[in-house]
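Shown next, in structure tokens, is the structure this report addresses.
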Amino acid sequence: MTTGMWIILDHVVALLSIAAWFTAGVTLALRRTRLALTGLVAAVLVTLVRVGTLAMLAGRGWWFVQEKVLLGLPLLGAAGAVAVLVAGPQLLAVRRGRAAGGSARGVVSVFTAGYAALAGLVVTFLVGYPLTVSAALITISLVGAGALLTARVVTAPVEDSADAGVAQAPEDRRAISRRRFLGWTGGAVVVTAAGAGTGLSFLPTESVTRGGGPGRSSRAAVSVADLRGSGSPAPGGTVRRQVLTAKKATVRLPSGREIDAWTYNGEVPGPAITANQGDLIEVRLHNADIDDGVTLHWHGYDVPCGEDGAPGVTQLAVRPGADFVYRFRADQVGTYWYHTHYASHVGVHKGLYGTLVVQPRDGQRADEHSTAEQVDLTLPVHTFDGTVVIAGGDGRTEHFAPPGAPVRLRVINTDSDPHRIVLAGTPFRVAAVDGRDLNQPGEVSDVGLHLPAGGRYDLVFLMPDTSVALVVDDDRDGGVRLRPPGDARGEARVEDTSDLPELDLLRYGAPAAVPFDSRSADRHFTMVLDRGVAMVDGKPAFAQTVNGRGHPAIPDQLVAEGDIVRFTVVNRSLETHPWHLHGHPVLILSRNGTPSTGSPLWVDTFDVRPGETWVVAFRATNPGIWMNHCHNLPHAHQGMMLRLHYDGVTTPFGGSHGGSPGHGH
Ligand SMILES: [Cu+2]
């Protein structure tokens, strides 16, 4: 069973335990003793099962169980034990005919166990990891308040009659006053705990985390505004100039449907930017009428920080009528893409994206024949109104390729959710992932490829003399077809692809040397991804959180130039999080504790699926302040975004990342 399944099973058992404790409480209050006894036994059994599911989850990582082991289970254990000790003997006595019915104490104790069970689940969903003293105090006080209120309700008739002056036996009066004393004392304890917990939650929190490395040094500050790209191409290179005008436009999809899009130059995708290695890319971004503002972020391309297009960090958002010129050397070969980074959950979705492909200077790759004419297609996958569109600007989904021709398909996921990619009709190799070549990628066929949001796969093969189909999300009617010229046999039938196994890239290709010793790290940061109540852009929200916080309250990760940095990324939630660090490719070290054994895998986005734990590393060689976020862009907007901050780098830019209401809605 995967950790994700254990998480779900544990939630189910927790729900059953809540149901069992409350069933026992209600039936006890109604003096249905047989049902109450059954409910109590069931509640105890389910609670014991919960101990088992938690033990299994704990084996997968402390992050998955921390708040349950430290708070939820002890609280339920204590309340449950009291309930059994108080209500159990009473119920047994009634069953044996030695007593008339349950007492108020029994009802209150069983209900309190129910509140404890409920509180544990609520803490898991609203607080998660890490558990804070504040959250623990507030939770305990709420359970206590529930117990006191229940006691008040259960004993109200007796006390009301006392208040009404109805004659009472002296021992009854003593019992009532003792109960009142206990009630007031309990109330005072509850209010104190709640107040302390609430007060603690307002304590200032760290704005920087050092990951076990040294703190800030006194080195001279460099502004990101000065970390700009080269002014000239490499010897022999040319300058690739382009103007991209961000504007609203009505765009006709390949299906013929028209959509209101946000575009670069009126096209979706925006103009394809191509270059040869060593060329200088110079793009003037002009905003015509995107009121929210736009930027250009070069996804996966390790540009100098000042060219990164992160609004409020590396520049201000480009407002309507304004310009910004991006300039950087195309030293990195491969398949990339660009998109706006301002209110990107709206802007990219509406069409503010395009492709960036950099060819090697000598025009060929080791894995391809230089004689035959190459077919090289760049295929960004984007979803508009629920329809997957895979095409360059011409919108063609059919292409011709002569048999024997080397083909390279550059598949780019420009959506916020993963896509499943199948290449049918030919064996192929995954030559590159996220623009970086793999080492000795083997030939595969009949496999599915899981392409994370923002990710790219370069698929290469020699064109057979029959048709080849690129199938996305197992939609056999959609996708892209390659045909040999003159192949008049019409639509090649594509078999059902949904059962094909997924290719595991962590075991694909051959190992090779990597430029640093990944066993050692100068800094180590753990990011636990979840949902919870947190402040996002200064407002409380049910957020997408990192270590229990939302943007911009998540501490910056401090690194120094030259550091080897390790990330442990844990997904406690039930959604997939495509983790994306700007400015650096990361080397995958392990997933769920299993080391990567195939080709070194350098990526800029990796999908952390529910329950998964990934360990990755990189060397900090690109000074700046870099966004480090979930590339499910709505998740980033809901808080899942922080910054990797090089020692000594400052930013003069402030303001919103496009997260606040009023922008992008
Ligand atoms: Cu996410």
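Brief remarks follow.
- Residue check, G114 modelled with pLDDT of 95 or more and closer than 16 Å to A78 by Cα: yes
- Which numbered condition L227 misses (of (1) touching a Cys at 6+ places or on another chain (Cβ under 7 Å); (2) open to solvent by 60 Å² or more (accessible area, probe 1.4 Å)): (2)
- Subset of region 628-643 that is farther than 11 Å from S344 by Cα and of a type in the set (S, T, N, Q) - its residue that is nearest to the ligand (Cβ to nearest atom): Q638
- Residue check for G598: crowded, with 20+ Cβ neighbours inside 10 Å and either within 16 Å of the ligand (Cβ to nearest atom) or on the phi > 0 side of the Ramachandran plot (or both): no
- Inside region 67-115, residues that are in a loop (DSSP other than H, G, I, E, B) and open to solvent by 30 Å² or more (accessible area, probe 1.4 Å) make up a count of 6.
- Candidates T651, T613 - the one that is at pLDDT 95 or above and of a type in the set (S, T, Y): T613
- Complete set of residues in region 609-627 that are surrounded by fewer than 23 Cβ atoms within 10 Å (Cβ to Cβ) and within 16 Å of the ligand (Cβ to nearest atom): R609, P610, E612, T613
- Among (1) among the charged types (D, E, K, R); (2) open to solvent by 70 Å² or more (accessible area, probe 1.4 Å); (3) modelled with pLDDT under 95, the one test that E502 misses: (3)
- Being within 16 Å of the ligand (Cβ to nearest atom), in a strand (DSSP E or B) and within 16 Å of the chain's Cα centre (by Cα) holds for only one residue in V570, V533, and it is V570.
- Counting only strands (runs of 3 or more DSSP E) wholly contained in region 255-299, the ones carrying 1 or more residues that are under 30 Å from the mean Cα position of the chain (by Cα) and either hydroxyl-bearing (S, T, Y) or within 16 Å of H341 (Cα to Cα) (or both) occupy 258-264, 280-287, 297-299.
- Exactly one residue out of P511, P540, P515 is farther than 14 Å from V608 by Cα, open to solvent by 10 Å² or more (accessible area, probe 1.4 Å), more than 16 Å from the ligand (Cβ to nearest atom) and assigned to a strand (DSSP E or B), and it is P540.
- A single member of A246, A234, A261 is out of contact with any helix residue (DSSP H, G or I) (no Cβ under 7 Å at 6 or more places or on another chain), under 24 Å from S416 (Cα atoms) and open to solvent by less than 40 Å² (accessible area, probe 1.4 Å), and it is A246.
- When region 306-332 is limited to residues that are closer than 23 Å to H345 by Cβ and touching a Lys or Arg at 6+ places or on another chain (Cβ under 9 Å), the one that is surrounded by the fewest Cβ atoms within 10 Å (Cβ to Cβ) turns out to be F324.
- Of note, M627 does not satisfy the criterion of being over 18 Å from D308 (Cβ atoms) and at pLDDT 95 or above.
- Region 559-580 residues that are open to solvent by 10 Å² or more (accessible area, probe 1.4 Å), paired with ones that are within 12 Å of the ligand (Cβ to nearest atom) and polar (S, T, N, Q) (beta carbon under 9 Å, 6 or more apart): E575/Q544; E575/N632; T576/N632
- Screening region 397-461 for strands (runs of 3 or more DSSP E) wholly inside it with 2 or more residues that are open to solvent by 10 Å² or more (accessible area, probe 1.4 Å) and either modelled with pLDDT of 95 or more or out of contact with any helix residue (DSSP H, G or I) (no Cβ under 9 Å at 6 or more places or on another chain) (or both) returns the ranges 398-400, 419-424.
The values are calculated or read from the model by the stated rules, or taken from the named source; none is laboratory data. Note that the structure is predicted; figures quoted are calculated from it, not measured. FYI the Cβ positions are ideal-geometry reconstructions off the backbone, even for glycines, and counts take in every protein chain you see. With ligands, DNA and RNA removed, areas are computed over all heavy atoms of the protein, side chains included. Shrake-Rupley method; radii C 1.70, N 1.55, O 1.52, S 1.80 Å.
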